[in-house]
Amino acid sequence: MTEATGPTPYSAPEPRGTTGRASAPPGPAGGTPAPPGPGEGTPAPPGPGEGTPAPPGPGEGTPAPPGPAGGTPAAPPAARTDRVPLPQGTAETVSEPPEFTDGQSRWLLASVSGALADAASAARRRGAPAVAARLAQLAADHAPSGGQVPGVELGLAAAEDAVAAGDYPLARRLAHQVLARTERPADRVRAWIVVVDSSGQAMAEIADVFPQALRDARDDPELLARLHYRLAWRAWMVSGSAPKALDHAARSAVLARAAGDRRTETLALTQQAALEFYLGRPEAERTLADALAAPQDPHVLFDHNGPVFLKHRRHLLHDRTDEARTELRALIYTVRYRGSAESLCQCLSGLAQVEILRGRCARALDLAQQCLEVTERAGLSEGPAWYAVALAEAAGGSAERALAAAERARRHSEDDDDQLFLPRALHAEGHVRLLRGETAEAVRALRRARRLELAQGQGDPAVRRWHGDLVEALVAAGRTEEAAVVLAETRTQAVRLGRRGVLAVLDRCGALVSASRGELDVAFVQLGRALAGLAAVPYPLEEGRTRLALGRVHLLAGDGAAARAAFTEAVRVFTRCGAGPWREVALAEADALALPGRGSGGPDGAGGPGGPALDRLTPVERRVALLVARGATNRETAEALSVSVKTVEAALTRTYRKLGLRSRVALTRTFLTP
């Protein structure tokens, strides 16, 4: 299970309408499937007839208590002077409390249970599943045996509400109570589904549940459809096999259609389409259209496992960021008031990633913080939220905080044994380490992400875009031929599927491979093609990264003036996007051009003393070294770069070690002496 986490520096106002909600299962972003929701309401048991009097209440008075043992009875209390007179002929006191008949007791319990069930139904319609769960639990506790609304039915409704509210311990407890009370197959399968859905990301821990549930389902197509839908998630999350998951999802859709269960059919078709997109199969478009076709169940339509959420992902595959943003904004508006907290988290995370692609980094950071806040309040699995925070911090926040978030996302996914989400967390970590100039660590994380994705069968590079970062990290690590192999494989997939945005990024990566081989003319052509493709999409942050690459290739060609122009344009693009960490990288490159001989020497791009030294440093180390060489203290350097003093000290330690230096004086001589 996931580790406990303390307070985080990320705090955002709680989105309206999300308190106490959570947990329809995560979509291809990772998680467990959405349970079929309970009915809209449970009819209250019928009350007494029009002419039937209510059960009598206790009398107005009671006998005085006896006095001490062996003595005279205690004197009665003084007569009350404020007593309301009773009608003539009515006794003023009753000698003992009334006794209810069995019929009256059952009627009273049924009335209380029915009223509580109606209140639970009303809370459910208002989008308050936590309240609905508690009320339905009370209704089940008060339901008389053999009543019109069985306690088992009310208990199942309470358990399903608890799943929707993210109260997983309550959901599991109620489900096991139902399993102990009933042998009816439909009720038992519903209870097993609650156990599955309340496992969150940790589906590996419930391996024994599915065989028991399948035995209870027997040959009922409706029950089997619901179980195979969840087996699809387990195959992807635990076994890490998209093809096996696709088989279960397709089987679930067929069974649900035969049983007339449109809700499960829509969920299964959506899952089937998501898997087909991931595997790079063209039939995914038709499957998604089937899922979006009428009739629609509103509980599924606006769930993060539903077809509308997948529709926004389809837009991103085709680089339609504006359309994806429109779909998600409308979905979030509805989910805030009527959906679960997990659906809201997935939508906020998805919109944050869309805003990063659109170059709106501050907005992305705000959305990611909201996602984390909702996750922590609802007690959901935290890996997906930390992943969103890592990407947003890398784009528009702090590289330090981005790395901390990425590492937390990876640890949560490893603890849950979540093979579906772990590659994303590894990509986030590799991306951040590449940004920080930690090449070897970036290669390790991104290679591991690639191994997992290939094992799962990924066939569309636009679904999860780690490929460009891996190629860039491999080139920086001097592994040009390995980078060329990854580049060729990815390009083949992108060309087959027509993924324009991916191809533009791959043109930049191809330029880096060409430049590392000394083919500078080819590299310039590839970079020009990349800039044109990214402008057509557009992806501003990728454009800025491409201008950074252009400046570095100009340096290799010995053209310092062209390199300065490219770095300056990269700074402008990153500043416009609010991409602080990337702006710092571009500024470090531009600052380095001020060193004696930098960029004017020859093919190595550095003819003066500072040039070769800078080439061995990461962007952070480079900026720290230059500021310190110019006389800045550690604190002044930290303030200038918006990092901690410890980061400055660590960067200086690494710089001294790499360059064989022992003092600030030696650092100044290395970088500033002509």
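Using the charge dipole of the stretch 298-404 (Lys, Arg: +1 at Cβ; Asp, Glu: -1 at Cβ; taken about the Cα centre), state which of 305, 380, 349 has its Cα farthest towards the positive end.
Of the candidates, 305 comes out farthest on the positive side.
May I ask you to evaluate 6.51 cos²θ - 1.76 cosθ + 1.60, the Karplus curve with θ = phi - 60°, for each residue of the stretch 495-510 and list the ³J(HN,Hα) values in order in whole Hz, giving x for glycine and proline?
With the stated coefficients, the stretch 495-510 comes to 5, 4, 9, x, 8, 4, x, 5, 5, 5, 5, 5, 4, 4, 5, x Hz.
Can you run phi through the Karplus equation (6.51, -1.76, 1.60; θ = phi - 60°) for the stretch 337-350 and list ³J(HN,Hα) in whole Hz, with x for Gly and Pro?
9, 10, x, 8, 5, 5, 4, 4, 4, 5, 5, 5, 4, x
Put a dot 7 Å past each Cα toward the Cβ at residue 496 and residue 281; how far apart are the dots in nm?
Once both label points are built, they end up 1.3 nm from each other.
State to the nearest 20 debye the size of the charge dipole of the stretch 141-194 about its Cα centre, where the only charges are +1 on K and R beta carbons and -1 on D and E beta carbons.
I would put it at about 180 debye.
Sort the stretch 133-196 into rounded, prolate or oblate with this rule: let a ≥ b ≥ c be the square roots of the eigenvalues of the Cα gyration tensor; rounded if a/c is under 1.5, and if a/c is not under 1.5, prolate when a/b is larger than b/c, oblate otherwise.
Because a/c hits 1.5 or more and a/b fails to exceed b/c, the stretch 133-196 counts as oblate.
Counting Lys and Arg as +1 and Asp and Glu as -1, each charge on the Cβ, what is the dipole of the stretch 509-566 about the Cα centre in debye, to the nearest 20?
100
For 334, 575, give the ranking by accessible area with the largest first, probe 1.4 Å.
Largest accessible area first, the residues go 575, 334.
For 516, 381, write out the residues from largest to smallest accessible area, computed with a 1.4 angstrom probe and no ligands counted.
So the residues, ranked largest to smallest area, are 516, 381.
Residue 311: which lysines have alpha carbons under 27 Å from its alpha carbon, excluding same-chain residues fewer than 8 sequence positions away?
244
Between residue 653 and residue 329, what is the spin-label point distance in nm, taking each point 7 Å from the Cα along the Cα→C-beta axis?
Label-label distance for residue 653 and residue 329, simple model: 4.7 nm.
With a ≥ b ≥ c the root eigenvalues of the C-alpha gyration tensor of the stretch 176-233, is it rounded (a/c under 1.5), prolate (a/b larger than b/c) or oblate?
Note, shape of the stretch 176-233 comes out oblate.
Express in Å², to the nearest 10, the accessible area of residue 591 obtained by rolling a 1.4 Å probe over the protein heavy atoms while all chains stay in place.
Ignoring ligands and nucleic acids, residue 591 comes out at about 40 Å².
At what distance in nm do the modelled label points of residue 482 and residue 218 sit from each other, each positioned 7 Å from its Cα along Cα→Cβ?
5.7
Counting only other residues whose beta carbon sits under 14 Å from that of residue 250, what net charge do I get with K and R as +1, D and E as -1?
Net charge around residue 250: 0.
Could you list the GluC sites (Glu not before Pro) in the stretch 248-339 that lie in coil according to DSSP, counting only those with at most 12 other Cβ atoms within 10 Å of their Cβ?
Within the stretch 248-339, the qualifying GluC sites (Glu not before Pro) (loop, at most 12 other Cβ atoms within 10 Å) are 283.
Please give every one of the lysines within straight-line cross-link reach of residue 658, meaning a C-alpha to C-alpha distance under 23 Å, and leave out same-chain neighbours fewer than 8 residues apart.
Excluding near neighbours in sequence, the set is 646.
Charges only on Cβ, +1 for Lys and Arg, -1 for Asp and Glu: so what's the dipole of the stretch 301-446 about the Cα centre, in debye to the nearest 20?
560
Grab the beta carbon distance between residue 320 and residue 565, set R0 = 22 Å, and tell me the FRET efficiency rounded to 0.05.
With R0 = 22 Å, the Cβ-Cβ based efficiency is 0.10.
How would the stretch 289-399 be classified by its alpha-carbon gyration tensor: rounded, prolate or oblate, with rounded meaning a/c under 1.5 and the a/b versus b/c comparison settling the rest?
It is oblate, given that a/c is not under 1.5 and a/b is not larger than b/c.
Quick one: length gained pulling residue 293 to residue 639 fully straight, 0.36 nm per residue minus the C-alpha distance?
Using 0.36 nm per residue and subtracting the Cα-Cα distance, I get 119.0 nm.
Only loop residues by DSSP count here, and only those with at most 12 other Cβ atoms within 10 Å; note down the GluC sites (Glu not before Pro) in the stretch 112-218 that meet that.
Those satisfying the criteria are 183.
The values are calculated or read from the model by the stated rules, or taken from the named source; none is laboratory data. Keep in mind that this is a model prediction, so the values were computed, not measured. Note that each Cβ is placed from the backbone with ideal geometry, even for glycine, and that neighbours are counted across all protein chains shown. Accessible surface is based on the protein model in full, side chains and every heavy atom, while ligands, DNA and RNA are left aside. Shrake-Rupley method; radii C 1.70, N 1.55, O 1.52, S 1.80 Å.
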